[in-house]
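Coordinate-derived values only; no laboratory data. Bear in mind the structure is a predicted one, so any value in this text is a computation, not a measurement. Heads up, the Cβs are rebuilt from the backbone with ideal geometry, glycines too, and the neighbour counts pull from every protein chain shown.
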Amino acid sequence: MFGKLLPIIGLIILALIVIFLWKSCQHKMDMPIPRNNEASEPTAQEMAQAHHEEEQDTEQSQITLVSGVGNQVQACHATVGNESLSEAMQKRLAQIFGSNVKCDITVDPSYTTALQGVSKFQQVMDQIKAVPNASIDWQGNHITVNAPDAKSMNELVEKIKAVEPTLVVSATTPLNEEQSVDSSIDKSRSALSMLNGNSTPQDVANALNIQIINFPTASKVLPQKNKEILDEAAKLIQNVPNVKLTVAGYTDSTGNAEANKTLSQRRAQSVLDYLVSKGVNKDQLTAVGYGAENPIADNVTAEGKFRNRRIEFKVVNTENGKATVVDGEHEVKNITQ
């Protein structure tokens, strides 16, 4: 009897196996097959990496300010990412230093639209205002302060840290002119090497203004190390269309004002003459000396005076006759000549 049932049992088992295999194949067919040209959803790690790379490509909003006595502001320059932050800064500065305060604020979309710790902007600036000839360089979440003496400078650091602990606050490092110049030239050379005939006049000015041209005291003699940078710049100026620049010279406030203006004019002319000697059309360049006008730092500390002694390249708009200042921090502002 069992022998007769054995073939039937075998057929049943075989049928079950066939059904199982069929369902397995059906399940696989129902699964979506990813196409080669379809990107998968980014992982959290990939998104974080992309955000980090985006931050690296964006310049940090910044402001530099030098206090005077009382409500006086000796210098103020800023670059921010949008009009909202610019207006907020102007409003806060007017509340702190009075409605007559002047600050050159440039809106540049390549900069961030927020300044870390800005909610404590007034409290931080109140500390700077309380110390005559103090300066603050606020970039992103980093603040560097300077003051006429070490005691005041260190006290400012601690007070600002207490106001906003999330900010990284430090004192200005002691001035090393040679190191500062060499570092600026290396950075300027690197920036120039990335430019070509498709670059803009502003790109050229950006790269040129990174360098520090540190003339000998009371001299118009162009330092040899800066000639290497100007050699490269001359080639670019000849290859980039529509370049027209004003070479502006500045001094610190030490000495006679008229003598300083004359010296700054001679220094600017030295830079212009050298570029012309390297093939630049003289009609593309204008030299102007401003003396101690328009300081970008204090005129009390050695560091501040060093920063104020400078050459700036201004891009002239051939359509409206206005010049655009582009400094080493990529600040841009319009100046009526």
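Some values worked out for this structure:
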quantity	calculated
Cα lying deepest toward the dipole's positive end in the range 62-171, options PRO165, SER86, ALA75, charges on Cβ	PRO165
Whole-angstrom gap from the range 143-215 to the range 278-297, using each part's C-alpha centre	21
Built amide H within the under 5 Å cut-off of ILE143, gap 5+	VAL168, VAL169, SER170
Contact order normalised by residue count of the range 255-296, Cα under 8 Å, 6+ apart, percent	58
Local net charge near GLN95, Cβ-Cβ under 12 Å (Lys/Arg +1, Asp/Glu -1)	+2
Set LYS225/LYS314; LYS161/LYS227; LYS151/LYS225 screened for pairs whose C-alpha atoms are more than 31 Å apart	LYS161/LYS227; LYS151/LYS225
Cβ-based exposure ranking for VAL107, VAL169, in which fewest neighbours within 10 Å come first	VAL107, VAL169
Exposure proxy ranking, count of Cβ atoms within 10 Å, fewest first, for ARG307, ARG266	ARG266, ARG307
Burial ordering of LEU167, LEU285, fewest other beta-carbon atoms within 10 Å first	LEU167, LEU285
Backbone HN-Hα couplings from phi across the range 227-235 [Karplus 6.51/-1.76/1.60, Hz, Gly and Pro as x]	5, 4, 5, 5, 4, 5, 5, 4, 4
Phi-based couplings in Hz for the range 282-295 (Karplus 6.51, -1.76, 1.60; Gly and Pro marked x)	4, 6, 8, 10, 9, 9, 9, x, 10, x, 8, 5, 6, x
The range 110-124 versus the range 58-79: alpha-carbon centroid distance in Å	13
Binned Cα-Cα distance frequencies in the range 62-171 - 10 Å width, integer %	15, 51, 31, 3
Residues with amide H under 5 Å from that of GLU293, placed H, sequence gap 5 or more	THR251
Hz values of 3J(HN,Hα) by residue in the range 64-70 - Karplus curve (6.51, -1.76, 1.60), Gly and Pro given as x	10, 9, 10, 7, x, 9, x
For the range 171-225: relative contact order, % (alpha-carbon pairs under 8 angstrom, 6 or more apart)	36
For THR217, net neighbour charge (Lys/Arg +1, Asp/Glu -1) across residues whose Cβ lies under 14 Å away	+3
Relative contact order for the range 62-171, counting Cα pairs under 8 Å that sit 6 or more residues apart, in percent	28
